[in-house]
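What follows is a short report on a single structure.
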Amino acid sequence: MKLRMPPALLRMGLRGARPLFTSSRLPISTKRTLVDLLSQGAQLPRGTRIQGTDHIGGVEVERVLPPNSSDSHTLLYLHGGGYALGSARGYTGFAANLGAAAGMKVILVEYRRAPEHPFPHALDDALAVYRALVSSAEDASKVVIAGDSAGGGLTLALAMALRDNGDHLPAALGLICPWADLAADVEHRRKAGTDPLIIPSLISDWAPAYVGSADAANPLISPVYGDLHGLPPVVLHSAGQDPISADSHLLEKLFHDNNSGSIVEHFHNPRRWHVYHLQVGFLRDADDAVKHLGQRLAAYAKHPRQQRQSGFTHNGQVV
């Protein structure tokens, strides 16, 4: 049974947590614990099996088996948290719901986090897991990769790296409120929204920790500066109150204006906040978004011939 909560109450809770994340007095370990508490609210679909911690390609992962999942299809998930917070274990409940919507088993990557491990460590870990999966007889055409926020940007960077290195590409990419332009934050160009938790100064604090000594405009850090041709179909979700939503709109424009040849579906909820999907089970819009994303990713993996027609949709409308 789902425990619905009024959106205003959820907003209030997120807004109340903001001072904890902006505080310079709290150590990063405490902030990581707080993010795990926020992301662990999603209830597991009945019958889900948490298969526990494993290692793939030398990288720690969490394996989740939703009740209706197929052994033949895999959702590789990259969690959010500004490259510094969040964890695979903290995201198991959310990922189980997305996996159930897609009908796929889920592998969550416990990639190394900043500031201890700046770029390219997170990307290297994601590459290692994907390549080990595919090399162990996993069919790349039956794998989808998804992520939220920093994990969404990392998902796109991973696909670009795979393409550039001649690897077999996954069936589709799911980008939830992707953080795809870290240069904007290093240079303090991010505009404020009405998000209850995420504000530009907070993002500007996270960006340099991941960028380190690299160039923030490196496409493998900020995919908006890269070549978007030859990528798998993209299912993109964004939220109107989110200051990072500018990245989603820019990505859609770049895919379109550069004649990338890719399929891009962009679904925008103007009423909601950054990665509102994490409130699945509590917020109807989150339930709908998770269901939509899972079903669309499954369509590309399970019915590729019917789905692979180059074009763009925005909130279901062909553009």
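The values are calculated or read from the model by the stated rules, or taken from the named source; none is laboratory data. These figures come from a predicted structure and were not determined experimentally. No Cβ is skipped: glycine too gets one built from the backbone with ideal geometry, and neighbour counts run over all protein chains shown. Ligands, DNA and RNA are stripped out before the accessible areas are found, and what is left, the full protein with its side chains, is counted by its heavy atoms. Shrake-Rupley method; radii C 1.70, N 1.55, O 1.52, S 1.80 Å.
Averaging 1/r over every pair of different alpha carbons in the stretch 28-132 and inverting the result gives a Kirkwood radius of 13.8 Å.
For the stretch 125-238, the extents of the C-alpha atoms along the principal axes are 44, 30, 23 Å, listed from largest to smallest. Between T22 and S135, the distance separating the two model label sites (each 7 Å from Cα on the Cα→Cβ line) works out to 4.6 nm. So which trypsin sites (Lys or Arg not before Pro) in the stretch 150-256 pass both tests, a DSSP loop state and at most 12 other Cβ atoms within 10 Å of the Cβ? Answer in residue order: R189, K191.
Counted over the stretch 1-118, the DSSP beta bridges are approximately 70% antiparallel. Over the chain, dividing the summed -39,500 (n - 2.57) contributions of all DSSP H runs of at least 4 residues by the number of residues returns a 222 nm mean residue ellipticity of -12000 deg cm²/dmol. Between M5 and R49, what is the spin-label point distance in nm, taking each point 7 Å from the Cα along the Cα→C-beta axis? My value for the distance between the label points is 3.1 nm. Here the stretch 4-54 is treated as a sphere whose radius is the Kirkwood value from Cα pairs; by Stokes-Einstein at 10 °C and 1.306 mPa s it diffuses with a coefficient of 119 µm²/s. In the chain, the DSSP beta bridges split such that about 30 percent are antiparallel, to the nearest 5.
For the chain, build the charge dipole from Cβ charges (+1 Lys, Arg; -1 Asp, Glu) around the Cα centre, then report which of A299, L228, L156 sits farthest towards its positive end. Positive-end residue among those listed: A299. Between L38, L85, N218, the Cα set farthest toward the positive side of the dipole of the chain (charges on each charged residue's Cβ, about the Cα centre) is that of L38.
Quick check of the Kirkwood formula: for the chain, what is the inverse mean of 1/r over all pairs of different Cα atoms, in Å? One over the average 1/r among Cα pairs gives 19.1 Å for the chain.
Inter-part distance, the stretch 19-36 to the stretch 162-184, computed on C-alpha centroids, equals 28 Å. Take the chain, mark every one of the GluC sites (Glu not before Pro) that falls in a DSSP loop and has at most 15 other Cβ within 10 Å, then report the longest stretch left between them, sites excluded. Answer from the scan: 188-319.
The charge dipole of the chain, taken about its Cα centre with unit charges on the Cβ atoms of Lys, Arg (+1), Asp and Glu (-1) only, comes to about 1100 debye.
In the stretch 1-99, which trypsin sites (Lys or Arg not before Pro) are in a loop and have at most 16 other Cβ atoms within 10 Å, using DSSP for the loop call?
For trypsin sites (Lys or Arg not before Pro) across the stretch 1-99 that sit outside H, G, I, E and B with at most 16 neighbouring Cβ atoms in 10 Å, the list reads K2, R4, R25, R46.
Note on D257 and A128: their simple-model spin labels are 3.8 nm apart, each label 7 Å out from Cα toward Cβ.
Put H188, H303, H314, H79 in order of accessible area, highest first, and with a 1.4 Å probe you get H188, H303, H314, H79.
Roughly how many debye, to the nearest 20, is the charge dipole of the stretch 74-218 about its Cα centre, given +1 on each Lys and Arg Cβ, -1 on each Asp and Glu Cβ, and no other charges?
Magnitude of the dipole: close to 280 debye.
Each of P170, L123, L197 was placed along the dipole of the stretch 82-201 (beta-carbon charges, centred on the mean Cα), and the one lying farthest toward the positive end is L197.
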